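Report on the following structure.
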Amino acid sequence: MSEMSELIIESTSKVFAAYSTKEVVNEAEKGIWANELWNKLAQYGIVTVAVPEELGGSGGDYEDALSIVRLASRFSAPVPLAETFIANWLLAEHGVAVTNEVLTIATETDGQPFKFYQEGNGWIVTGRAKNVPWGRFAKKLVVLGEASEGGALSVLNLEKAEIIQGNNIAGEARDQVVFNQVFIPECTIIPVDKIKYEERILYSCALTKSVMMAGALDNILEIAINYSKERSQFGRPIHRFQAIQHHLALLAGEAAAAGIAASYAIHSFQKNPVSKEIALAKLRINEAAGKAAPIAHQVLAAIGFTYEHILHHNTRRLWAWRDEFGKESDWEKVITKQLQKLEKNELWPLITGVKNNQKKVETR
């Protein structure tokens, strides 16, 4: 990590520690927007990292931004930071200037894909998106749809949208956003290859969720270790008991595996936004989440199941994020398809990233 990256993480940590407290997270589950947290993130230019300065961004690269996403998940930050990053990156690639507004992105349509029809200086928009992260609090929605000339990437103002509120099991807003023949003046419509961008958005969202789960696992491990040192039983701290040590070792292994998978995925994303490393990371980190959460609750026992304790902030998010943007079975199918396309002797290069440059020697 560069010196600049370390400074970014240090300053961002202070913002999350001060404005993403236990009370703020609990209030967000009741539908109260973490306005002060978002304003501070925007004030320090955190929401536009990895966007060129000439387009209104803060500069930096994807690794800087995703390090912030990982940090945000440690604090269970109840804001659509990852979604805003992805939306800004997509827009910046097409030369669209970004802002500090709260953005979100749609990846699922509920039987009504988005259609855009030009009318005068604006567009008529029809479509329904489901499970939109933080839709009720966002100012604009980035969505893929169809215009008269083909696929289109659009930025829709949500003032005229119908919002049907919902939540995932972590209490995070996951809403339906409905446009029914809504006229939107000066709507941004960018012609794109729809199939290509559907894959691009899916992989980007899967990457950010993988990184967020890795961050949550980091915090779960820290909580479990600290609790095992503080909690005493039979006259000594429980981390002295072999059974607890075994649990902590398993938990540390899953957290480490998730962290490494996330790091490889981040590195590959800068070269290829739909790389196999992202698919493998979501698959492996999903598995880690499924194993780590029950281990942590076993270590903390009854106190870990109470609403007053903060452990559930991370474990419930692991359970929710595990199902978002592809379950294990979904990414297993993706990897299987890649394996089926391999030529002879290409399995090792796929696994290791090392190309086989050996030439076949003909024998008589």
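The values are calculated or read from the model by the stated rules, or taken from the named source; none is laboratory data. Since we're looking at a predicted model, the values are computed, not measured. Heads up, the Cβs are rebuilt from the backbone with ideal geometry, glycines too, and the neighbour counts pull from every protein chain shown.
Quickly run through the range 116-126 and pick out the residues that are part of a strand (DSSP E or B) and either over 12 Å from residue 178 (Cα atoms) or in contact with a Lys or Arg (Cβ under 6 Å, 6 or more places away or on another chain) (or both). Talk me through it step by step, then tell me what you get.
To start, the set of residues in the range 116-126 that are part of a strand (DSSP E or B) comprises 116-119, 122-126.
Those that are part of a strand (DSSP E or B) and either over 12 Å from residue 178 (Cα atoms) or in contact with a Lys or Arg (Cβ under 6 Å, 6 or more places away or on another chain) (or both): 116, 117, 118, 119, 122, 123, 124, 126.
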Seminar exercise, completed: Restricting the range 183-241 to residues that are within 29 Å of residue 300 (Cβ to Cβ) and of a type in the set (Asp, Glu), the one modelled with the lowest pLDDT turns out to be 230
Problem set entry | Residue among 172, 149, 186, 162 that is under 17 Å from the mean Cα position of the chain (by Cα) and not assigned by TED's automatic domain parsing to the domain that holds residue 32 | 172
Exercise. Looking only at the range 1-20, which residues are among the hydroxyl-bearing types (Ser, Thr, Tyr) and either assigned by TED's automatic domain parsing to the domain that holds residue 134 or surrounded by fewer than 17 Cβ atoms within 10 Å (Cβ to Cβ) (or both)?
Worked result: 2, 5, 11, 13
Exercise. Out of all the residues in the range 21-49, which are under 24 Å from residue 61 (Cα atoms) and surrounded by 12 or more Cβ atoms within 10 Å (Cβ to Cβ)?
Worked result: 37, 38, 39, 40, 41, 42, 44, 45, 46, 47, 48, 49
Seminar exercise, completed: Those residues of the range 100-115 which are surrounded by 23 or more Cβ atoms within 10 Å (Cβ to Cβ) and assigned to a strand (DSSP E or B) amount to 103, 104, 105
For this session: Could you check residue 161 against (1) buried (at least 22 other Cβ atoms within 10 Å of the Cβ); (2) in contact with a strand residue (DSSP E or B) (Cβ under 8 Å, 6 or more places away or on another chain); (3) within 25 Å of residue 254 (Cα to Cα) and say which number it fails?
Result: (3)
Exercise. Would you call residue 272 part of a loop (DSSP other than H, G, I, E, B), under 23 Å from residue 63 (Cα atoms) and not basic (Lys, Arg)?
Worked result: yes
Exercise. When both residues are 6+ apart or on different chains and their Cβ atoms are under 7 Å apart, which pairs have a first residue that lies in the range 48-73 and is free of Cβ contacts under 8 Å to residues at least 40 places away in the same chain, and a second that is surrounded by fewer than 23 Cβ atoms within 10 Å (Cβ to Cβ) and part of a helix (DSSP H, G or I)?
Worked result: 50/62; 50/64; 50/89; 59/53
Problem set entry | Filtered residue count, the range 223-250, keeping only those that are of a type in the set (Val, Ile, Thr) and over 30 Å from the mean Cα position of the chain (by Cα) | 2
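Table: residues versus (1) surrounded by 22 or more Cβ atoms within 10 Å (Cβ to Cβ); (2) without any contact (Cβ under 8 Å) to a residue 60 or more places away in the chain.
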{"residue": "121", "(1), (2)": "no, no"}
{"residue": "126", "(1), (2)": "no, yes"}
{"residue": "131", "(1), (2)": "no, no"}
{"residue": "149", "(1), (2)": "no, yes"}
{"residue": "152", "(1), (2)": "yes, yes"}
{"residue": "167", "(1), (2)": "no, no"}
Seminar exercise, completed: Within the range 299-333, the residues that are part of a helix (DSSP H, G or I), loosely packed, with under 15 Cβ neighbours inside 10 Å and polar (S, T, N, Q) are 329
Exercise. Only one of (1) out of contact with any Gly (no Cβ under 9 Å at 6 or more places or on another chain); (2) over 21 Å from residue 207 (Cβ atoms); (3) touching a residue at least 40 places away in the same chain (Cβ under 8 Å) is not met by residue 249, so which one is it?
Worked result: (3)
Exercise. Only one of these conditions is not met by residue 83: (1) part of a helix (DSSP H, G or I); (2) more than 14 Å from the chain's Cα centre (by Cα). Which number is it?
Worked result: (2)
